[in-house]
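The values are calculated or read from the model by the stated rules, or taken from the named source; none is laboratory data. Keep in mind the model is a prediction, meaning the values are calculated, not measured. Every residue, glycine as well, gets a Cβ built from its backbone with ideal geometry; the counts of neighbours run over all protein chains shown. Heads up: the accessible areas ignore ligands, DNA and RNA and are worked out on the full protein's heavy atoms, side chains in. Shrake-Rupley method; radii C 1.70, N 1.55, O 1.52, S 1.80 Å.
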There are 2 protein chains.
Amino acid sequence: MTISLQTPLPDATDFETGPAHQLDLSAEAQDLLFRRARTANTFTDEPVSDQQVRAIYDLAKWAPTSMNNQPLRIVLVRSPAARDRLVETLGEGNKAKTAVAPLVAILAADHAFHEKLPKTFPHFPGARDMFAADETLRAQTADLNATLQVAYFILAVRAAGLAAGPMTGFDAGSLNSAFFAGSEHKVVAVVNIGKPGQDAWMDRLPRLDFDEVVTTV
Amino acid sequence: MTISLQTPLPDATDFETGPAHQLDLSAEAQDLLFRRARTANTFTDEPVSDQQVRAIYDLAKWAPTSMNNQPLRIVLVRSPAARDRLVETLGEGNKAKTAVAPLVAILAADHAFHEKLPKTFPHFPGARDMFAADETLRAQTADLNATLQVAYFILAVRAAGLAAGPMTGFDAGSLNSAFFAGSEHKVVAVVNIGKPGQDAWMDRLPRLDFDEVVTTV
């Protein structure tokens, strides 16, 4: 496991007595993906290769979307000029860390995802036309499912032993103009990716208790 | 591992030669969460306990949201009357399987999530008022982050050795009226949960190739 272990394990007794013990997923995998993994704000200089991104995508792609519609599109921002264009569109607090992250990915929703449904959902031949006829439904469906895929992608980055720094603090209009003019791609999130660096994160913030989140009817 | 292994492993050579081999996450965990896990349409009669749901939430809660805002709210639909009310609001293709699933959860976005920011994001005391003043921003932020958390929840269900059957085929207006009248909760997804039953799934549908999804600039 290459995620830094400098952060204390939340609920340190979980693996002996708590709910973590009841899961089939190994303690090591729980740590790697959820419990010890953290949103990183600094990274080492170690590059992130295309081969690593292929491995990340090859895992994330299997997780489910509605009607298998898979609207997520990923732009790897590798050239200095593109990096500059991206940083311009970010909120002040996100500029400096994104300027120096080993890899930055723009994660977008393809609002023309329906064009691929004949391949991805072949047993419902009318699917493409159904979405072609309803732009609002298409936009909602693309945004919702691409957002699910952003979450899968973040966990898959962690599965590769890397840290993710997902951000939603950007000017979406400017970012879409800078990268997606003339297409139907709309940014959902920007994610910095790399090995966590010095002081990569703050103390863990509190999570809501079960009883604040879950009710039974 | 309790996920059924009746489905052939996708990309069966991955663990020897392919990208899966390059991940830190164990092959067993990759299978449990992503590769062999499937969206289930039938379930066994085995119940899903509150203790299992606690374990699922206790894992999913650690994955990241913007400003740690955690807008996901979960309603466990356990009474027959509530189940009937829910099934009424679903699309035809989702009614029968949801009527008999061991557990059904409604996953919603709390558009009043900002009321909890003083607890969950204490170092930015102005956060609650910023969202209180902008209903559009609040709705967008709630929906996006609750959707990320739906994805984390689906994978955490799988981590518990259970199968998830997530659905977006429902009348959102009717569902919100039936379950969230007078609150600011808005449904994002409905998820059936249990051990997969007979013929729980169809053949796996194709995923988009890396080169259809990823570009470099």
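Scanning region A:38-52 for residues that are out of contact with any helix residue (DSSP H, G or I) (no Cβ under 8 Å at 6 or more places or on another chain) and closer than 18 Å to B:Val217 by Cα yields A:Pro47, A:Val48, A:Ser49, A:Asp50. For B:Val213, state whether it is surrounded by 15 or more Cβ atoms within 10 Å (Cβ to Cβ), more than 26 Å from A:His123 (Cα to Cα) and at pLDDT 95 or above. Criteria not met by B:Val213.
Looking at A:Ala105, A:Ala127, A:Ala96, A:Ala101, which is the one that is closer than 15 Å to A:Gly165 by Cβ, touching a Phe, Trp or Tyr at 6+ places or on another chain (Cβ under 6 Å) and of a type outside the set (Asp, Glu)? The conditions single out A:Ala101. The residue list A:Gly169, A:Gly173, A:Gly165, A:Gly194 contains one member that is in contact with a Ser or Thr (Cβ under 6 Å, 6 or more places away or on another chain), farther than 25 Å from A:Ser66 by Cβ and at pLDDT 95 or above, which is A:Gly165. Counting the residues of region A:69-90 that are surrounded by fewer than 21 Cβ atoms within 10 Å (Cβ to Cβ) and part of a helix (DSSP H, G or I) gives 8.
In region B:191-203, of all residues being open to solvent by 50 Å² or more (accessible area, probe 1.4 Å) and on the phi < 0 side of the Ramachandran plot, the one that is nearest to the other protein chains (Cβ to nearest Cβ) corresponds to B:Met202.
For region A:62-92, give me each residue that is touching a residue at least 24 places away in the same chain (Cβ under 8 Å), within 7 Å of chain B (Cβ to nearest Cβ) and closer than 29 Å to B:Ala163 by Cβ. Once the filter is applied, which keeps residues that are touching a residue at least 24 places away in the same chain (Cβ under 8 Å), within 7 Å of chain B (Cβ to nearest Cβ) and closer than 29 Å to B:Ala163 by Cβ, region A:62-92 yields A:Ala63, A:Pro64, A:Ser66, A:Asn68, A:Gln70, A:Leu72, A:Arg73, A:Ile74.
When region A:160-190 is limited to residues that are under 13 Å from the mean Cα position of the chain (by Cα) and more than 10 Å from chain B (Cβ to nearest Cβ), the one that is nearest to A:Pro102 (Cα to Cα) turns out to be A:Ala163.
When B:Asp110, B:Asp143 are screened for being within 12 Å of another protein chain (Cβ to nearest Cβ), under 18 Å from A:Ala151 (Cβ atoms) and open to solvent by 60 Å² or more (accessible area, probe 1.4 Å), only B:Asp143 passes.
Considering B:Arg138, B:Arg128, the condition of being touching a Leu at 6+ places or on another chain (Cβ under 8 Å), more than 10 Å from chain A (Cβ to nearest Cβ) and open to solvent by 10 Å² or more (accessible area, probe 1.4 Å) is satisfied by B:Arg128 alone.
Tell me which residues, restricted to region A:113-125, are more than 9 Å from chain B (Cβ to nearest Cβ) and loosely packed, with under 15 Cβ neighbours inside 10 Å. A:Glu115, A:Pro118, A:Phe124, A:Pro125 - these are the residues of region A:113-125 that are more than 9 Å from chain B (Cβ to nearest Cβ) and loosely packed, with under 15 Cβ neighbours inside 10 Å.
Of all the numbered requirements in (1) facing chain A (nearest Cβ under 9 Å); (2) in a helix (DSSP H, G or I); (3) surrounded by fewer than 19 Cβ atoms within 10 Å (Cβ to Cβ), B:Asp58 misses one, and that requirement is (3). Selection of region B:16-55 for residues being over 18 Å from A:Leu59 (Cβ atoms), of a type outside the set (D, E, K, R) and open to solvent by 20 Å² or more (accessible area, probe 1.4 Å) yields B:Asn41, B:Thr42, B:Phe43, B:Thr44, B:Pro47, B:Ser49, B:Gln51, B:Gln52.
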